[in-house]
Amino acid sequence: MKRAAAAFGTIRVAVAAALLAAGAARADDADEAALRLADAAPEVTHAAAGGRLFVEGAAGRGGGDGFRRLSLDLRYEHALAPGLRAFVANRLDVRSPTPDGADAAINTLKEAYLGWQMSADALLDLGRINLKNGVAAGYNPTDWFRAGAVRSVVSIDPASLRENRQGSVMLRGQRLWPGGSLTALYAPRLARSPDDDGLSLDFGATNGRERGLVAVGETFGGLALQFLVYREAERSTQYGLNLTALANDATVAHIEWSGGRERPSPLMAAAAGSGSADAWRNRLAAGFTWTSPQRLSLTAEYHYNGAGLDTTAWNALRRTPPQRLAHLRAEALATQEAPTRHTLFLHANWQDAFVPRLNLALMHHRDLTDDSRRIWLEARYHAGDIEYAIQWQRGDGSPTSRFGAFGGSPGWQAVLRHYFQ
Amino acid sequence: MRASTLRLLLATTLAFLLPSAPVAAEAVDAQAILAASDAVRNPDFPFGVTNTLIEYRRGRENERSVLAVYAKAAPDGGQFRSLIRYLAPARDADKLLLYNGRDLWFFDPASKASVRLSPQQRLLGQASNGDVVTANFARDYRATAAGEEEITDGDRQPRRCHRLELTASTPEANYPRIEMWIDTVGHRPVKARFYTESGKLLKTAYYRRYQPVFGVERPTETVIIDGLEADWVTVMRYTDWVKREVPEVWLQRDYLPRFRPE
């Protein structure tokens, strides 16, 4: 009996050793196959980057109507002398059919400026610059230069709205030190009002008022902080704060706040029934981004717009003639502000979803004032220099709610983009 | 009685001392070996290098990226900080990644947005951020010697190697545990296996194609093999090494929108 048990034990050990050896052999085979692939890897030659050009075609349906669009997007920089560089970024969108009263071709001069690096820690820029402040993903209270900056909306994705907009003409200086910086800028008034001409440089939209900004950034341990002071002619001084912190290996938390005394626009004042009194308004976007090891990133944010309408005023507005609501919605779109006070925002992005090179994105807005919702989905696949994307969106809620304006009719577009370098 | 008690005490003391003495010696040696292998991989001054990544899935090329990497060690002689600029593909051109310990920032020149990333967020397929940037393992891991072995290196040559067990010792460490093979002659890193907390194999890396760089034979290619899908392979090739100054003020978020290579 003892001898049988001993023999059985020996067999077990032998089997385990054989399995281990087989496993090691398999690993060696796999490693050898991988190394053979690496042996055959091509020698890659590359040009230094310094620009990007793409052509994009899109077709789809929105608000019940079909549309087509062709876009040309260019970004280029060139060294003029040691420390002196020129930057240009431009986009042209041609649409069919043409939106009411608008030109078929809308050009957006996003940037055109000279950058002078005076020393390793001092820089000066002059020209049209697309300055973007803010650490939040779905709403940026400190991004004061966004108002009126989008000439042609090609997607409701906040990333697209940030990218496809014109900068403001300004003189900007920056001083850096290890872990921090001081930025000061001045943007003069260059025109009285926006220009709808499709090929206009549209300085009235971005430089309709004299503006200035001072921002100080500093890092304290794991906290990255930025304080901002913004001044605009005929408006009270606005203050801002951006803060990010690493909560753990997978999570980044962020808070973006702005506040200051502010007079509501005539439309908002009429809707709120509060007159045009100057009052302190806070704006806030707070949330976090969590990333899984499988390259899925989830962002959740709460948005508060203290200049938006409260539930009572919003519900009262919804009972008035629809034109008033339409005008307020148009104003909110131009200023990229919510017409109401409280919103929840969710964004999910999954890279290499199911198959390599396929990215899936989901965006969800929920207005906590009228309980209307909007969902936006995108599937994007890239192969070499070509990207294919399908975007779909739908609003839910009553026709007079914030996101239910199109009676729940979904919109979609198919996009094909080709990059050149 | 007193003599036997003394003998017992002496024996007990020796029993504790004898096994621990070689372990302490090994720990010191293992850490020194690891530091020496770090010095083989990384120059001890600020430098720039081009990193070409070619990713294969099931034997076919899937992605190709070219990155310009600017690296500089922390002033206290600690871990490297890296500024990485995408040169290719065209859709990613001029995007930037700043890697400063656990401080990670990503900048997209199209949206002008600087976004803070968590260490878990990967931007380049299989290669983790930690694989792409320069890293001194000896700073973030505690090494213990696990004997000597003869293995086949990435160039199919037999190599007598120290096998080291690395355990994360700082929060900056990208992996909880690493198994590393280092050539007994010259302290060349030859191969490494990276594991999860639970002991699952994440990836295997071969350091190969040694060539003279800044007067030292250094690996100019790393081959990374996925732990679960063995046919998921990334080849990282290093070229265009250059000794260059990386100003301290570049290594922060606020400089990213202004960064221009010379």
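The values are calculated or read from the model by the stated rules, or taken from the named source; none is laboratory data. For clarity, every value in this text was computed on a predicted model and none was experimentally measured. Positions of Cβ are generated from backbone atoms using ideal geometry, with glycine treated the same way; all protein chains shown enter the neighbour counts.
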Return yes when B:Tyr175 is in contact (Cβ under 8 Å) with a residue 12 or more places away in the chain, in contact with a Ser or Thr (Cβ under 6 Å, 6 or more places away or on another chain) and either hydroxyl-bearing (Ser, Thr, Tyr) or under 20 Å from B:Arg41 (Cβ atoms) (or both) and no when it is not. no
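Hey, among the residues in the stretch B:225-262 that are part of a helix (DSSP H, G or I) and more than 8 Å from chain A (Cβ to nearest Cβ), which one's surrounded by the fewest Cβ atoms within 10 Å (Cβ to Cβ)?
B:Pro257
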Single condition A:Glu210 does not satisfy, out of (1) surrounded by 16 or more Cβ atoms within 10 Å (Cβ to Cβ); (2) of a type outside the set (S, T, N, Q); (3) modelled with pLDDT of 95 or more: (1)
Is there a residue in the stretch A:322-335 that is part of a loop (DSSP other than H, G, I, E, B) and free of Cβ contacts under 8 Å to residues at least 60 places away in the same chain? no
State which residue is farthest from the chain's Cα centre (by Cα) when the search covers only the stretch A:42-75 and only residues that are in a strand (DSSP E or B) and among the charged types (D, E, K, R). A:Asp65
Examine the stretch A:338-351 for a residue that is within 14 Å of another protein chain (Cβ to nearest Cβ) and on the phi > 0 side of the Ramachandran plot, and state whether such a residue exists. no
In contact (Cβ under 8 Å) with a residue 24 or more places away in the chain, part of a strand (DSSP E or B) and surrounded by fewer than 16 Cβ atoms within 10 Å (Cβ to Cβ), is that true of A:Ala316? no
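So which residues in the stretch A:261-288 are more than 13 Å from chain B (Cβ to nearest Cβ), in a strand (DSSP E or B) and either charged (D, E, K, R) or crowded, with 19+ Cβ neighbours inside 10 Å (or both), if there are any at all?
Residues of the stretch A:261-288 that are more than 13 Å from chain B (Cβ to nearest Cβ), as a first pass: A:261-286.
Add one more test, that the residue is in a strand (DSSP E or B), and what stays is A:261-262, A:279-286.
A:Arg261, A:Glu262, A:Arg281, A:Arg283, A:Leu284, A:Ala285 - these are the residues of the stretch A:261-288 that are more than 13 Å from chain B (Cβ to nearest Cβ), in a strand (DSSP E or B) and either charged (D, E, K, R) or crowded, with 19+ Cβ neighbours inside 10 Å (or both).
In this structure, does A:Arg151 turn out to be more than 23 Å from A:Ser236 (Cα to Cα), outside any loop (DSSP other than H, G, I, E, B) and not aliphatic (A, V, I, L, M)?
Criteria not met by A:Arg151.
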Taking into account only those residues within the stretch A:174-223 that are in a strand (DSSP E or B) and among the charged types (D, E, K, R), which is farthest from the other protein chains (Cβ to nearest Cβ)? A:Arg211
Kindly check whether there is at least one residue in the stretch A:346-360 that is of a type in the set (Phe, Trp, Tyr) and within 18 Å of A:Ala300 (Cα to Cα). yes
Which number in (1) within 12 Å of another protein chain (Cβ to nearest Cβ); (2) within 12 Å of the chain's Cα centre (by Cα); (3) farther than 17 Å from B:Ala30 by Cβ; (4) not charged (D, E, K, R) marks the one condition that B:Phe194 misses? (1)
Would you check if there is a residue in the stretch A:83-95 being modelled with pLDDT of 95 or more, in a strand (DSSP E or B), at the interface with chain B (Cβ under 9 Å from one of its Cβ atoms) and closer than 19 Å to A:Asn207 by Cα? yes
Report yes if A:Leu346 is surrounded by 14 or more Cβ atoms within 10 Å (Cβ to Cβ), at pLDDT 90 or above and outside any loop (DSSP other than H, G, I, E, B), otherwise no. yes
Unmet requirement for A:Val229, which otherwise passes all of (1) more than 14 Å from chain B (Cβ to nearest Cβ); (2) surrounded by 17 or more Cβ atoms within 10 Å (Cβ to Cβ); (3) part of a strand (DSSP E or B); (4) out of contact with any Pro (no Cβ under 9 Å at 6 or more places or on another chain): (2)
Working only within the stretch B:64-97, note down all residues that are more than 11 Å from chain A (Cβ to nearest Cβ), buried (at least 20 other Cβ atoms within 10 Å of the Cβ), more than 15 Å from the chain's Cα centre (by Cα) and not β-branched (Val, Ile, Thr). B:Tyr70, B:Leu83, B:Leu97
Given the conditions (1) over 25 Å from A:Glu210 (Cβ atoms); (2) out of contact with any Ser or Thr (no Cβ under 9 Å at 6 or more places or on another chain), and given that A:Ile106 satisfies all but one, which numbered condition is not satisfied? (2)
